[in-house]
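Read through the structure below, which is laid out as structure tokens, and then see the notes.
The values are calculated or read from the model by the stated rules, or taken from the named source; none is laboratory data. What you see is a predicted model, and the numbers here were worked out from it, not measured in a lab. Don't worry about glycine lacking a Cβ; one is built from the backbone with ideal geometry, like all the others, and counts go over all protein chains shown. Each accessible area value is taken on the protein alone, full model and side chains, heavy atoms only, with ligands, DNA and RNA left out. Shrake-Rupley method; radii C 1.70, N 1.55, O 1.52, S 1.80 Å.
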Amino acid sequence: MKNLLIPIEESEFLPSVLQSAVLVARRFGSYLEGLHVRPDFAGSITASGIGAPYVIEEFRREDWEGIQRAHRTFEVYLRERQIPVDTRGEAGGPWAAFRAEAPPGDEFIGQHARLFDLTVVGQPSRGATPPRMTVLETLLFDSGRPVLVAPPSSPSQIGGTIVIAWNASTETARTVAFARPLLERADRVIVLTVEGGLVVGPSGDEMARSLMRTGIPAQALHVPQRRGIGETILEQTRQMGGDLLIKGAYTQSRLRQMILGGATNHILTMASVPVFMAH
């Protein structure tokens, strides 16, 4: 995981996003690229019903000020942690750069993320100024790459004890494959299955044995469901001291999850540890 992307939104969770990215970067000596998330001005102006040049100029001014704030926040945070910005540091150490010329709208973020091993974003749906769900979903469905969702509070470590929320799906199998660099460095890996939360496919025991054959210290754990699958996964992760949860995203459709609820939606809303996801 040598290339990490950090879409930067003005949110109270931004320190946790940056800290999560730094923790991963220190493990792998990664390049960190900050990318300012820009609003779509054309859509905003059309929605306002106003086309006056003054309004357009105001949007441009706010955009430029937002880019400057994002750049400042990114650079100050990393320099305070002795990570060089815009220049390579010591051999094998992390380094960073900020990209300011990204076009507006979310579409570019999903496309640009295809160049990176991992994109780090904030947890949506919580707090006064949460990151937008559309950014996360664009990354999950358009990038073809994994996403690390940072919790509201900055984590102190990532990847010592990893919990895999195994449901036997293709989404989770792909997510586990993406997470292999982290799994190979873990002290402990738990393949967690929840009663009633499996689709047709390999069992948790089979997944654990598969990982152990490659030298990953995995063990299987099957638990009864309490209240809901998502709630059970988070409670078990907490009890086992997990500092990273690996979860395939949206085994059920997004519409079905919005109407009926689902493990992905619950975890995206309530997780207190970083969550590694892919679709």
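Spherically averaged projected area of the convex hull of Cα atoms, segment 112-235: 8.6 nm². Remark on VAL191: its backbone amide H falls under 5 Å from those of ILE164, GLN219, ALA220, LEU221, a criterion applied only to residues 5 or more positions apart or on other chains, H modelled at 1.01 Å from N. Largest GNM mean-square fluctuation among GLY144, GLY204, GLY34, using the chain with Cα springs under 10 Å: GLY144.
Between amide H atoms placed 1.01 Å from N, distances below 5 Å from LEU244 occur with GLY159, THR161, VAL163, all of them 5 or more places distant or on a separate chain.
Ligands, DNA and RNA left out, the 1.4 Å accessible surface of segment 140-217 is 46% carbon and sulfur atoms. When the charge dipole of the chain is built from unit charges on Cβ atoms (+1 for Lys and Arg, -1 for Asp and Glu) and taken about the Cα centre, the candidate among SER169, MET1, VAL37 whose Cα reaches farthest toward its positive end is SER169.
Distance between the C-alpha centres of segment 62-121 and segment 8-25: 11 Å, rounded to the whole angstrom. Which one of GLY242, VAL135, GLY262 is farthest out on the positive end of the charge dipole of the chain, using unit charges on Cβ (Lys, Arg +1; Asp, Glu -1) and the Cα centre as origin? Going by the Cα projections, it comes out as GLY242. Within the chain, the proportion of C-alpha pairs whose separation exceeds 36 Å stands at 17%.
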